[in-house]
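The values are calculated or read from the model by the stated rules, or taken from the named source; none is laboratory data. Everything numeric in this text was worked out from a predicted model, so none of it was measured. Positions of Cβ are generated from backbone atoms using ideal geometry, with glycine treated the same way; all protein chains shown enter the neighbour counts.
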Amino acid sequence: MDFKFSLCLVVLLGTCLAQKIRYDGFSVLRVVPKTEKELFALKEILDNNRQFEIDVWRFAGVVGKHADIQVSPKYFLQLNQTLAENGLSPKVTVRDVQKLIAEQELKNHEVKETAGVFEYGKYHTLDEVNNWIDNITKYYPNITTVFEITKSYEGRTIRGIRISTGEGNSKPSFFIEGGIHSREWISPATVLYMAGQMLDRYSADQRIKQLVDSFNWFILPVFNVDGYMYEYTWTKNRNWRKTRSKHGLCTGVDPNRNWDYEWCKEGASKDPCSDMYCGPKAFSEVEVKGVADFIMKNSKMMKGFIDFHSFSQLWMSPWGYTTKLPPDFKDQDKGSELAVEALEKVFGTKYQHGSIANTIYVASGSSADWTYGAAKVKYSYGVELRDTGKYGFLLPPDQIIPSGKETLEALIALANFVVNN
Ligand SMILES: [Zn+2]
């Protein structure tokens, strides 16, 4: 059973719908499987122990890579013991999830805003993002237009901006998306910052001008509009990841397991209550189908694609569904390498790079596998932004602009490489 659902059973349904879920005393445990046997044991524990009220913040699918597991105070000792019995010695990385949620909200609330000026160093609601889209395209009417993907399951419009200078039709395109997983707030925030910089510094900064001029940019800041809006804001559940479609007793499909390429094989779940539920069929989610159709329609000119996530600081290319490497891996990973080198130069933030399956875990039906495998976008990436787990999804807003600055440098380096290859 889905934990959020079970929580709804223990309180009155009305109360549940009205109140935001709290995570008082919930902690996050880190374990590193050192052998295949330990990795297998960990997978079993995570798959079969929903009674522990586990929420996987970061999954470990590779020996030597860590997993971060959120657990309720009620099951803390029991989970600890089970992990220890299997040779996995858990360490606490977050002591009180609710405390971090409260801190993030408070600090976000305290960010000073000037009237009429969009504050990039703050986490914004979907309404605010939509206002930003309207305003910035009015402010830069000659080089920007609004594009609409489709309506979400709950009827919200998925919108982005296209930035296009000069002879738009003859140029290659680059698609950037944020917020496919709704709890990964730093993703839309970083995408917004980069788009803002590309426009505000276009006339004054030669490097930015070159970046903007080299592609037609399709920038989608918030992909999972229902998850972001309905669960994300101060109203419901800070830890929501999936879409909001209904599947029996449980809600939502993992939009990054729902793409129609090697769909629902290893690293995805057929259980509708799982956070990695692949959906009843490939492209069952209107949001995923909408973005895929949009990319396919423009695929002839599409040369680059990045899907921004958090957290872990990884710059990854296909494949996700298998540890085997695709024929273009050397070129793709060279792009990653240049990106993370440029990124590190800004504040010293270290990213790792490699194929998805070898760097984090095997995951089938993900966006980058589909854009590369089906839409033939050679330079397709999945990026995990800050941090490495101190705050996880609950990254304080004072890290938004640093994340934006360093990721923009990575994008410049990558775009330079792609345009010349
Ligand atoms: Zn994600």
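Tell me which residues, restricted to the stretch 374-401, are of a type outside the set (Phe, Trp, Tyr), closer than 25 Å to Val28 by Cα and part of a helix (DSSP H, G or I).
Gly392, Leu394, Pro397, Asp398, Gln399, Ile400
Test Asp226 against the stated conditions and say whether it is more than 14 Å from the ligand (Cβ to nearest atom) and in contact (Cβ under 8 Å) with a residue 60 or more places away in the chain.
yes
Provide a single number: the residues in the stretch 91-124 that are among the small types (Gly, Ala, Ser), closer than 23 Å to Leu192 by Cα and either modelled with pLDDT under 95 or in a helix (DSSP H, G or I) (or both).
Here the count works out to 2.
Here are the criteria: (1) buried (at least 24 other Cβ atoms within 10 Å of the Cβ); (2) more than 13 Å from the ligand (Cβ to nearest atom); (3) not in a loop (DSSP other than H, G, I, E, B). Tell me which single one Gly279 does not satisfy.
Gly279 satisfies all of (1) buried (at least 24 other Cβ atoms within 10 Å of the Cβ); (2) more than 13 Å from the ligand (Cβ to nearest atom); (3) not in a loop (DSSP other than H, G, I, E, B) except (3).
Search the stretch 253-270 for residues that are free of Cβ contacts under 8 Å to residues at least 12 places away in the same chain and pair each with any residue that is within 16 Å of the ligand (Cβ to nearest atom) when their beta-carbon atoms are under 7 Å apart and the residues are at least 6 apart or on different chains.
Cβ pairs passing all conditions: Lys270/Cys278.
As an exercise: evaluate His353 against (1) under 30 Å from Thr93 (Cβ atoms); (2) without any contact (Cβ under 8 Å) to a residue 40 or more places away in the chain; (3) part of a loop (DSSP other than H, G, I, E, B) and give the number of the one condition it does not meet.
Of (1) under 30 Å from Thr93 (Cβ atoms); (2) without any contact (Cβ under 8 Å) to a residue 40 or more places away in the chain; (3) part of a loop (DSSP other than H, G, I, E, B), only one is false for His353: (3).
Scan the stretch 359-379 and tell me whether some residue there is in contact with a Pro (Cβ under 9 Å, 6 or more places away or on another chain), among the β-branched types (Val, Ile, Thr) and in contact (Cβ under 8 Å) with a residue 40 or more places away in the chain.
The answer is yes; a qualifying residue exists.
Out of the residues in the stretch 142-189 that are more than 16 Å from the ligand (Cβ to nearest atom) and acidic (Asp, Glu), which is farthest from Ile295 (Cα to Cα)?
If we take residues in the stretch 142-189 being more than 16 Å from the ligand (Cβ to nearest atom) and acidic (Asp, Glu), then Glu154 is farthest from Ile295 (Cα to Cα).
Within the stretch 238-274, which residues are surrounded by fewer than 21 Cβ atoms within 10 Å (Cβ to Cβ), within 16 Å of the ligand (Cβ to nearest atom) and in a loop (DSSP other than H, G, I, E, B)?
none
Within the stretch 173-229, take every residue that is of a type in the set (Gly, Ala, Ser) and surrounded by fewer than 24 Cβ atoms within 10 Å (Cβ to Cβ) and give me the one that is nearest to the chain's Cα centre (by Cα).
Of everything passing the filter in the stretch 173-229, Gly196 is nearest to the chain's Cα centre (by Cα).
Given the options Leu220, Leu192, name the one that is within 16 Å of the ligand (Cβ to nearest atom), of a type in the set (A, V, I, L, M) and within 30 Å of Asp275 (Cβ to Cβ).
On inspection, the qualifying residue turns out to be Leu220.
Out of the residues in the stretch 304-359 meeting the condition of being small (Gly, Ala, Ser) and farther than 22 Å from Ile180 by Cα, tell me which one is farthest from the ligand (Cβ to nearest atom).
The residue in question is Gly348.
Which condition breaks for Val288 when tested against (1) part of a loop (DSSP other than H, G, I, E, B); (2) farther than 25 Å from Ser403 by Cα?
Among (1) part of a loop (DSSP other than H, G, I, E, B); (2) farther than 25 Å from Ser403 by Cα, the lone unmet condition for Val288 is (1).
Looking only at residues that are closer than 15 Å to Ser336 by Cβ and within 14 Å of the ligand (Cβ to nearest atom) in the stretch 379-410, which one is surrounded by the most Cβ atoms within 10 Å (Cβ to Cβ)?
Selected residue: Val383.
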